[in-house]
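Engineer: My questions will all concern the structure given below.
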Amino acid sequence: MSAEFRYCPQCATPLALIVADEDGGPKQRLRCQACYFTHWNNPTPVLAAVVQCADQGGRLLLARNAAWSGRMFALITGFMEAGETPEGGIAREVLEETALVAESVKLIGVYDFQRMNQVIMAYHVVARGEIRLSPELAEYKLFEPGDARCWPAGTGYALADWLRGQGLVPQFIEWPARP
């Protein structure tokens, strides 16, 4: 059962895994037996940015989230807000997390990240300004595009696709096996 949904948000009846016919055929989902509410558990849209700093010679900014252990540096990411476009949302996230102002925002691609039940919309963002990190980020590093290393998951594939689009061959870091 989902950790987030145990009870129906409409009538407070405990939810149960129930198979029901849907447009695509039978599907098991958390459902309410009293009012027939269905918890769809659809993926959450997440925005990601390959940030290229125009004031830093076109180097890429990768950052380490303050909540992460270790020294993993990754793309700037965040959730899309109601009422904004994905392009506007990633420009907002870059500004909030780095104080950089987006000059251009171009879609790289869309990636599934099933482990987190997310769909990632990744953008190349050219930005300007003085880098000042939000408390959400612990530190950042600037990389020449050819020196950036990708990771074999979610946003790492977006970075690899952007590098390929620049005529570069992406290099991947070794990823520890999951137990």
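Engineer: Can you find a residue in segment 137-149 that is surrounded by 14 or more Cβ atoms within 10 Å (Cβ to Cβ) and in contact with a Gly (Cβ under 6 Å, 6 or more places away or on another chain)?
Structural biologist: There is no residue in segment 137-149 that is surrounded by 14 or more Cβ atoms within 10 Å (Cβ to Cβ) and in contact with a Gly (Cβ under 6 Å, 6 or more places away or on another chain).
Engineer: Here's a follow-up. Looking only at segment 13-54, count how many residues are within 26 Å of Ala158 (Cβ to Cβ) and open to solvent by 50 Å² or more (accessible area, probe 1.4 Å).
Structural biologist: Pass one, segment 13-54, residues within 26 Å of Ala158 (Cβ to Cβ): 40-54.
From what's left, open to solvent by 50 Å² or more (accessible area, probe 1.4 Å): 40-45.
The total comes to 6.
Engineer: Please work out which one of (1) of a type in the set (S, T, N, Q); (2) open to solvent by 60 Å² or more (accessible area, probe 1.4 Å); (3) part of a strand (DSSP E or B) is the condition Gln10 fails and give its number.
Structural biologist: Status for Gln10: all satisfied but (3).
Engineer: Anything in segment 154-174 that is in a loop (DSSP other than H, G, I, E, B) and either touching a Phe, Trp or Tyr at 6+ places or on another chain (Cβ under 6 Å) or on the phi > 0 side of the Ramachandran plot (or both)? List them, or say none.
Structural biologist: Start the filter on segment 154-174 by keeping residues that are in a loop (DSSP other than H, G, I, E, B), which leaves 166-170, 173-174.
Once the filter is applied, which keeps residues that are in a loop (DSSP other than H, G, I, E, B) and either touching a Phe, Trp or Tyr at 6+ places or on another chain (Cβ under 6 Å) or on the phi > 0 side of the Ramachandran plot (or both), segment 154-174 yields Gly167, Ile173.
Engineer: Being open to solvent by 90 Å² or more (accessible area, probe 1.4 Å) and in contact with a helix residue (DSSP H, G or I) (Cβ under 6 Å, 6 or more places away or on another chain): is that true of Arg132 here? Talk me through it step by step, then tell me what you get.
Structural biologist: Values: open to solvent by 90 Å² or more (accessible area, probe 1.4 Å): yes; in contact with a helix residue (DSSP H, G or I) (Cβ under 6 Å, 6 or more places away or on another chain): no.
Here the answer is no, as Arg132 does not meet what is asked.
Engineer: Only residues in segment 72-97 that are among the hydroxyl-bearing types (Ser, Thr, Tyr) count as the first member; pair them with residues that are surrounded by 21 or more Cβ atoms within 10 Å (Cβ to Cβ), Cβ under 8 angstrom, at least 6 apart or cross-chain, and list the lot.
Structural biologist: Once the first residue is among the hydroxyl-bearing types (Ser, Thr, Tyr) and sits in segment 72-97, its partners that are surrounded by 21 or more Cβ atoms within 10 Å (Cβ to Cβ) give Thr77/Val46; Thr77/Leu47; Thr77/Ala48; Thr77/Ala49; Thr77/Glu93; Thr77/Ile120; Thr77/Thr155.
Engineer: Can you tell me which condition Ala67 does not meet? The list is (1) surrounded by fewer than 15 Cβ atoms within 10 Å (Cβ to Cβ); (2) in contact with a Leu (Cβ under 8 Å, 6 or more places away or on another chain), and all the others hold.
Structural biologist: (2)
Engineer: Moving to a separate point now. So which residues in segment 120-154 are closer than 14 Å to Ala54 by Cβ and not aliphatic (A, V, I, L, M)?
Structural biologist: Listed by number, the residues that qualify are His124, Arg128, Gly129, Glu130, Pro145.
The values are calculated or read from the model by the stated rules, or taken from the named source; none is laboratory data. Note that this is a predicted model, so its numbers are computed, not measured. As a convention, Cβ positions derive from the backbone with ideal geometry for all residues, glycine included, and neighbour counts pool all protein chains shown. SASA here: full protein model, heavy atoms, side chains in, ligands and nucleic acids out. Shrake-Rupley method; radii C 1.70, N 1.55, O 1.52, S 1.80 Å.
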